[in-house]
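Since the structure comes first, as C-alpha cells, the remarks are kept for the end.
Where a number appears in this text, it was derived from the coordinates with a stated rule and is not lab data. From a predicted model like this one, the values you see are computed outputs, not experimental measurements. For neighbour counting, all protein chains shown are included, and Cβ atoms are generated from backbone atoms with ideal geometry for every residue, glycine included.
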Amino acid sequence: MALGISGSNGGVSPNRQLYRLGSTYAPRFYHNTMPPLEVSYFINNSCNLACKHCYVGYDEHRNAVDEDMWCMVFEDLIGLGARTFGAVGKEPLLDWGKTYSVFNYLQKQRESVKGLRFGLVTNLTEMTPEILQDLEDLAPDYIDVSIDGNRMLHDFIRGGGTYDKTVSNLERFSEKLRQKIFISFTINACNQSHLSDVLDMMDHLGLHHLLVSPYVGNNEELYISTKELIGSVSELVHAVSSPLVYYTGMNVYVKSDVTTSAAFANELVHEKIIDKNLLYIDAYGVLFTEYKLPGDNVVLFNYQPTDPSFVNAIRITHDGYVVRCLDMFYPDVSKRAIGNVRQRRIRDILYSVQMQDVA
C-alpha cells in the first residue's frame, strides 16, 4: 500500500526485511504477502475549510454511522486481520465525541491485539484544550496535520488565518505527542519550491516526520506535471543540494502509488529513484526504498505495485459505504460501493468480492 490510502499510517514499522519484487509482482502481490488490512474511514463528511486541493466529491451529509456501529464493524475487521485504522475525513475534530468513542475502543483493542494502530488526519484548526488532553490520554499512533507551505501559500490553499491556527495548536502538544505528528504536505505547482519553509517550521517545533503527497485533482492553479514532481522530490536525496542538509533527524516519506498517481510512481522507477528489484517490506506490507543522508536524515519512497483496494485496503464513508480510495472523488459513491455496513456485515461484503476475484 502507499503508506496509507489517505495519510501516513504512522510511517513504516521498524521491523523490515529485504524484498525482491522482480517481475512477478502483479497482480497478486497483495494476495501473496497478505499484510494486515488497512481501514480508512470518514467519521463525518463535514469540514470547516474549503481547501483548493480537496479531492472529496461525495456531498452527502446524512445517515452517519454512529459510534456503536463503527465499533461493531471494526470488531469484525480486526477478526479478519485489520491492523491499521485511520480517521481520514472529513474533519474528525468536528465530531470529536464520536471520534473519541471510536478511538477509545481502538485503544482498548490495541492492548491485546498485536500490531494494531490507529490515528487521524486533521487540519487541526478546531483543536480545543479538551481535545488535546483526550489525545494525550488516547495516545494515537500517529496524527497527520496538514501544512501546505509558508503562511501565504497555506492560507491561499486553505483560507485566511488557517496557518496561524494550525501552527499555534501544534505548539501546544507535549513533547511525547509531537513524536507522533506527521506534517502532511501536498506538493503542487504553487508550493513545490517551498518545502524548506515547512522544514523550518518543523525544526522550530521539534517535529521530525514529513509526508509528501503529490497533488491529485483538477484545479488548474495547483496542477503539477510528473516531470516537475520528479524534479522536486529527487532533490531530496542529493546529499549536496537537498534541502535536508540544514536539518537533523528529519524523516521524509514520499507517497507514490498506482491508485492515485500511477505516472509519478512509474517515473520514480524509471528514473531509478525507486529500485523495484531491491526493496524493503515492513510488517504492514509497505514496500519502500530508503535513502540515509547526512545529519541522520532519512528519505523514504514507497512503492505500490498494484491497487490494494478490497484486498489489503478499504475505505468506509460516513454513511457506511465500502469503496475504493478513488471513489470518493465522485458524487455517485453509493453506485460505486460494493456494499454498506448498515445493511450487511463487513465480512460478508468483503467475502463477496473475494469470491468474484476467484471466479
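Across region 302-359, how large is the tail of the calculated P(r) beyond 13 Å, expressed as a percent of all Cα pairs? Show your work: numbers first, answer last.
Numbers: 1014 of 1653 pairs.
Result for the distance tail: 61 percent.
Which net charge results when you count Lys and Arg as +1 and Asp and Glu as -1 among the other residues whose beta-carbon is under 14 Å from that of residue 78?
Details: positive: 83, 108, 110, 114, 117, 345, 347; negative: 38, 75, 76, 111.
Around residue 78, the surrounding residues sum to +3.
Ratio of Rg to Rh for region 24-181, alpha carbon only, Kirkwood?
Details: Rg = 16.9 Å, Rh = 17.0 Å.
With Rg and the Kirkwood Rh in hand, the quotient comes to 0.99.
Which one of 259, 233, 245 is farthest out on the positive end of the charge dipole of region 218-289, using unit charges on Cβ (Lys, Arg +1; Asp, Glu -1) and the Cα centre as origin?
The one lying farthest along the dipole's positive direction is 245.
Report the antiparallel proportion of the DSSP beta bridges in the chain as a percent, rounded to a multiple of 5. Let's see the in-between values first.
Numbers: 17 of 53 bridges.
Beta bridges within the chain, antiparallel portion: roughly 30 percent.
Give me the lysines in straight-line cross-link reach of residue 272: C-alpha distance below 21 Å, same-chain residues under 8 apart excluded.
227, 255, 292
I'd like the distance separating the alpha-carbon centroids of region 157-220 and region 36-102, in whole Å.
Value for the Cα centre distance between the two parts: 22 Å.
Average the reciprocal distances over every distinct pair of alpha-carbons in region 143-298, invert the result, and give the Kirkwood radius in Å.
Details: mean 1/r = 0.0611 Å⁻¹.
Across region 143-298, the inverse of the average 1/r is 16.4 Å.
Relative contact order of the chain, please, whole-number percent, based on alpha carbon pairs below 8 angstrom and at least 6 residues apart. Mind showing how you got there, number by number?
Working: 661 pairs, mean separation 88.7, N = 359.
Relative CO of the chain lands at 25 percent.
What fraction, in whole percent, of alpha-carbon pairs in region 246-288 exceed 17 Å separation? Don't jump to the answer; show the numbers that get you there.
On the way: 374 of 903 pairs.
Of all Cα-Cα pairs in region 246-288, 41 percent lie more than 17 Å apart.
Residue by residue through region 336-342, which ³J(HN,Hα) values in whole Hz follow from phi under the Karplus form 6.51 cos²θ - 1.76 cosθ + 1.60 (θ = phi - 60°), with glycine and proline marked x?
For region 336-342, the Karplus curve yields 8, 6, 9, x, 9, 5, 7 Hz.
Suppose every Lys and Arg Cβ carries +1 and every Asp and Glu Cβ carries -1, with no other charges. What dipole size does region 241-293 come out with about its Cα centre, to the nearest 20 debye?
Numbers: 4 positive and 6 negative charges, 16 e Å.
Computed charge dipole of region 241-293: roughly 80 debye.
So for the chain, taking the charge dipole from beta-carbon charges (+1 Lys/Arg, -1 Asp/Glu), which of 274, 127, 196 sits furthest toward the positive end?
Toward the positive end, the furthest listed residue is 274.
Cα-based Rg (one decimal) and Dmax (whole number) for region 263-359, in Å?
Computed over the Cα atoms of region 263-359, radius of gyration and Dmax are 17.7, 54 Å.
Connecting C-alpha atoms closer than 10 Å in a GNM of the chain, tell me which of 274, 143, 349 has the biggest fluctuation.
Maximum among the listed residues: 349.
Provide the packing ranking of 307-315, 235-243, i.e. peptides ordered by the mean count of other C-beta atoms within 10 Å per residue, highest first.
Working: 307-315: 23.3, 235-243: 15.6.
Output ranking for 307-315, 235-243: 307-315, 235-243.
Over the Cα atoms of region 204-295, how large are the radius of gyration and the largest Cα-Cα distance (Dmax), in Å?
Expressed in Å, the Cα Rg and Dmax of region 204-295 come to 14.1, 39.
What is the spin-label model distance, in nm, from residue 60 to residue 272 if the labels are put 7 Å beyond Cα along the C-beta direction?
5.0
If the viscosity is 1.306 mPa s and the temperature 10 °C, what Stokes-Einstein diffusion coefficient in µm²/s follows for region 207-249 when Rh is the Kirkwood radius over Cα pairs? Can you show the working numbers first?
Numbers: Rh = 12.2 Å.
The calculation lands on 130 µm²/s.
What is the dipole size for region 251-359, taken about its Cα centre, with +1 at each Lys and Arg Cβ and -1 at each Asp and Glu Cβ, in debye to the nearest 20?
Values: 12 positive and 13 negative charges, 97 e Å.
The calculated dipole for region 251-359 is roughly 460 debye.
Find the percent of Cα-Cα distances in region 136-195 that exceed 18 Å, and round it to a whole number.
Working: 692 of 1770 pairs.
That fraction is 39 percent.
How big is the charge dipole of region 179-302 about its Cα centre, in debye rounded to the nearest 20, if each Lys and Arg gets +1 on its Cβ and each Asp and Glu gets -1 on its Cβ? Kindly include the intermediate steps, with their values, before the conclusion.
Details: 6 positive and 14 negative charges, 56 e Å.
In total the dipole reaches around 260 debye.
Bins of 20 Å, beginning at zero and ending with the bin holding the largest distance: percent of Cα pairs per bin for the chain, please.
31, 62, 7
How would you order 250-261, 98-109 from highest to lowest mean count of nearby Cβ atoms within 10 Å?
Numbers: 250-261: 23.1, 98-109: 18.8.
Descending packing order for the listed peptides: 250-261, 98-109.
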